[in-house]
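Read through the structure below, which is laid out as structure tokens, and then see the notes.
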Amino acid sequence: MRIFRGVATPFEIADTTTFSGRARRRRLASDDAGVPVVVHHVEFEPGARTHWHTHSGPQWLLIVSGRVRVQTWGEPARDVDAGDAVAIQPGEKHWHGAAPGSGGAHYAVNVNAKTDWLEPVDEREAT
């Protein structure tokens, strides 16, 4: 067993080359020597979101507070609330961030996944 203490990993400002708006994140857990899973804790201020991206493996978003907006390429954006979960398939082009007028936070659980960052989300798509 391995325990990852949240207080042991400080938040940092999200990279502006992969996020729009104000967000902060921290790598809560990873175990590269064992199971290839990485857990990120991401907090979005109103209007903040990731850029479009894909993952080589599955990603789960576990919404822990507020309201988060998610969208898959070619589909309408959808809002999810604290207590909801979202499963994203490998290769699925998507973005996620705060729903309009709200902040939100999630745990992003990436399973054996590399992230390929793409273009920013058009403001019209996000609202």
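The values are calculated or read from the model by the stated rules, or taken from the named source; none is laboratory data. As the structure is a computational prediction, the values presented were derived from the model and not from experiment. Quick reminder, even Gly has a Cβ in these numbers, built from the backbone with ideal geometry, and neighbours come from all protein chains shown. Heavy atoms of the whole protein, side chains included, go into the accessibility calculation; ligands, DNA and RNA do not. Shrake-Rupley method; radii C 1.70, N 1.55, O 1.52, S 1.80 Å.
Descriptive notes on the structure:
- Of all residues in segment 17-49, those satisfying the criterion of being modelled with pLDDT of 95 or more, β-branched (Val, Ile, Thr) and not in a strand (DSSP E or B) are Thr17, Thr18.
- Considering segment 14-55, and only residues there that are open to solvent by 30 Å² or more (accessible area, probe 1.4 Å), over 14 Å from the mean Cα position of the chain (by Cα) and among the hydrophobic types (A, V, I, L, M, F, W, C), the residue that is farthest from Val121 (Cα to Cα) turns out to be Ala33.
Each row is one residue, and each column tells you yes or no for (1) at pLDDT 95 or above; (2) farther than 23 Å from Arg27 by Cβ; (3) touching a Ser or Thr at 6+ places or on another chain (Cβ under 8 Å); (4) among the β-branched types (Val, Ile, Thr).
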| position | (1), (2), (3), (4) |
| --- | --- |
| Gln59 | yes, no, no, no |
| Gln89 | yes, no, no, no |
| His94 | yes, no, yes, no |
| Ala98 | yes, no, no, no |
| Asn112 | no, no, yes, no |
| Leu118 | yes, no, yes, no |
| Thr127 | no, yes, no, yes |
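Here's the yes/no breakdown for (1) basic (Lys, Arg); (2) in contact with an Asp or Glu (Cβ under 8 Å, 6 or more places away or on another chain); (3) without any contact (Cβ under 8 Å) to a residue 12 or more places away in the chain:
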site	(1), (2), (3)
Thr50	no, no, no
Ser56	no, yes, no
Glu92	no, no, no
Val111	no, no, no
Glu123	no, no, yes
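- So Leu62, is it within 21 Å of Lys114 (Cα to Cα), touching a helix residue (DSSP H, G or I) at 6+ places or on another chain (Cβ under 7 Å), of a type in the set (A, V, I, L, M, F, W, C) and in a strand (DSSP E or B): no
- Close pairs (6 angstrom Cβ cut-off, 6 or more residues apart or separate chains): under 13 Å from Val121 (Cα atoms) and assigned to a loop (DSSP other than H, G, I, E, B) in segment 67-81, open to solvent by 30 Å² or more (accessible area, probe 1.4 Å) and at pLDDT 95 or above anywhere: Trp73/Lys93; Ala77/Arg69
- In segment 75-125, residue farthest from the chain's Cα centre (by Cα) [restricted to those that are surrounded by fewer than 18 Cβ atoms within 10 Å (Cβ to Cβ) and of a type in the set (Phe, Trp, Tyr)]: Trp117
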